[in-house]
1. In the range 158-298, carbon and sulfur make up what percent of the accessible area (probe 1.4 Å)?
2. Determine the equivalent ellipsoid of the range 245-398 by diagonalising the alpha-carbon gyration tensor, then write out the semi-axes as square roots of 5 times the eigenvalues, largest first, rounded to whole Å.
3. Using the Kirkwood radius built from alpha carbon pairs, what does the Stokes-Einstein equation give as D for the range 364-464 at 37 °C and 0.692 mPa s, in µm² per second?
4. Rounded to the nearest whole Å², what accessible area per residue is found for the chain with the 1.4 Å probe?
5. If you place +1 on the Cβ of every Lys and Arg and -1 on the Cβ of every Asp and Glu, how big does the dipole about the Cα centre of the range 1-136 come out, in debye to the nearest 20?
6. Find out how many positive minus negative residues lie around Val449, taking Lys and Arg as positive, Asp and Glu as negative, among other residues whose Cβ is under 11 Å from that of Val449.
7. Post the alpha-carbon centroid distance, the range 41-101 to the range 302-339, in whole angstrom.
8. Can you tell me, using C-alpha contacts under 8 Å and at least 6 residues apart, the relative contact order of the range 298-411 as a whole percent?
Amino acid sequence: MKRRIRTFSGSRDSAVSAREVRNRAVALKAAEEGIALLKNDGVLPLEKGSKVVLFGSGAGRTIKGGTGSGDVNEREVVSIYQGMVNAGFDVTSADWLESFEQIYRQSREDWKDLILRETGEKGAMEFFDVYASHAYEMPAGRTITKEDLGGAKTAVYVVSRIAGEAADRFDRAGDYYLTEHEKEDLRFLSANCENVVVILNAGGQIDLEDILSIANVKAILCVVQPGMEGGNALAHILSGEVTPSGKLAATWAKKYEDFPNSASFSHNNGNVQKEKYEEGIYVGYRYFDSFQKEVEYPFGFGLSYTDFDLSAGAVTAEGSTVTVPVTVKNTGPRYAGKEVVQIYATCPQSGLPKEYKRLCGFAKTRLLQPGDSETLTISFPAKALASFDESRSAWVAEAGLYGIWAGNSSRNIALVGVLEVEADAVIEEVKHICPLRDELDELVRPDAVLELEAAWHREADAKELVPVVFAPERAARAEFPENELDRKAAEVVEQLSDEELTAMVIGEISKGQGALGAAGITVPGAAGETSGALEDKWDVPGISMADGPAGLRLFKKYQVSRETGEVYNSGLAAALEGGFFAPEEDHPDADTYYLSTAQPSRWGPSWRRPGTPPSWRKWAGPWRWRCRSSAWPGGWPRA
């Protein structure tokens, strides 16, 4: 059989394509929707065109995404500095930002030299291990002076942290904690500016105690890793062109020690090769809410520039679905905005261990003008109420009362309905395929949840919520009828040799090629290909695979030999950090380009985020309440 001619999907034209324009618009929209406002003492939004000073490691070098598989080799990243200039702000700290740029470039070169030196000592195959074990840390800029302020009364300070694949975080200054230099910067700005706005540009939580203790820190925005359009998205939020509607996808603890595995995680127990996850079902907000731990910002939290009134309708349950209608009204006088309604369930605490509260469904409204309202009908499957019974290898909705709550964060919810399951219902049966090999000393159910359960039962009685009887149905098993392609594939597999089957399992690494970044043949820079071992005999080419949660991580630029059709392969080094580590090569063939789109990335649930302050007061009606999305004097009450 004649071997097919390889074609490559890159472009010989480096000009901006229509695809890039469309994808960047998506990246901008996603970033705007995901940025969460954590604090606002009336300083935001800023007046368009106003004079602002901008400092911090991520001001001009905003971290757009993660490292390793989380990296994307995009055309450019719009920094926070560039975004604010694009939005018309008068940024008066250009001299400081330029001095930081020089410091940054030198520190990157020093880091590159370290990686290449250690890789040379250990061998080229160790490149990724060396790269991952020496995560780049953003440098400090020079000391801020009064001359840098340029008469501005509002300062924006960006705290940036790099995070990504194969590099665990550290509970030390410069990572989880602020450095002394960052503390000094913030104290100086607080003493010399009326308003300080802190931007959290980090791929995970950091300690907020020092930030919140500084008097003139009037606002905090969490952008996480906002993608290539992050600077423009943040500027639109700061100027009020876009009202923030993002929500936290993780709980921000008051102290590092409040996380249940903080003492033993990763480096803290000296073993980075093996991790025992002994939290059991008590992960994230499920832990903090079940064990009644005070938090700084709860799961699902996020402020707005306006206020919303939430009103829940009757909860219904039928077959395998629970439905909760919630009407959201923008009660603010000035700003349009969006709200995320979240539905939680409290499960009966008898029988199988269960966390006190779990998220079952959520939805975001359309953009609501002042006075406008929208009714969201949020449905979730019965399996969301089930717990896993290891003895039966099944997901079971146990008999008892289930409280249904609606609100806009895990700590800002109201009881709106009660379901009664009269008998244990098996929702789905499965098979054990991963038996436990090591003993785990898992967290056990705290006595506090029994008290919490009794409290919500009393609340339901006081509200005269009549339980809705629910008999959850067994989940339907998906059917995948065999088609002609399945039969042909089965026929081919029956005729493959052991060597061919092995090649199909392990891919092109069987030819000695690296499995990371450089293994792609048809798509240079892709994570790999299944295998081309069947192409000559069976006309089955390899399938390219590209990793990365924020876009395709491919070579930014590569060359194909006109004579042989082979790619000049620069290895994994060309696939990471935009080719920063790749050696300079000069081939006579024309360059070919992949210019990918770097989308925002979020740790935690992929639904991006939901919420508002952990404070709500009853409004007119039995299950009607008002959620304040603007800041409270002196900060909002603790949950």
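1. 45
2. 33, 24, 11
3. Working: Rh = 17.2 Å.
Answer from the Stokes-Einstein relation: 190 µm²/s.
4. Working: 29370 Å² over 639 residues.
Per residue, the chain has 46 Å² of solvent-accessible surface.
5. 1020
6. Numbers: positive: Arg286, Lys354, Lys357, Arg445; negative: Asp289, Glu355, Asp447, Glu451, Glu453.
Summing Lys/Arg as +1 and Asp/Glu as -1 gives -1.
7. The range 41-101 and the range 302-339 have Cα centres spaced 33 Å from each other.
8. Averaging sequence separation for qualifying contacts and normalising by length gives 32 percent for the range 298-411.
The values are calculated or read from the model by the stated rules, or taken from the named source; none is laboratory data. Predicted model only: the values in this text are computed from it and were never measured. No Cβ is skipped: glycine too gets one built from the backbone with ideal geometry, and neighbour counts run over all protein chains shown. In case anyone asks, the SASA skips ligands and DNA or RNA and just uses the protein heavy atoms, side chains included. Shrake-Rupley method; radii C 1.70, N 1.55, O 1.52, S 1.80 Å.
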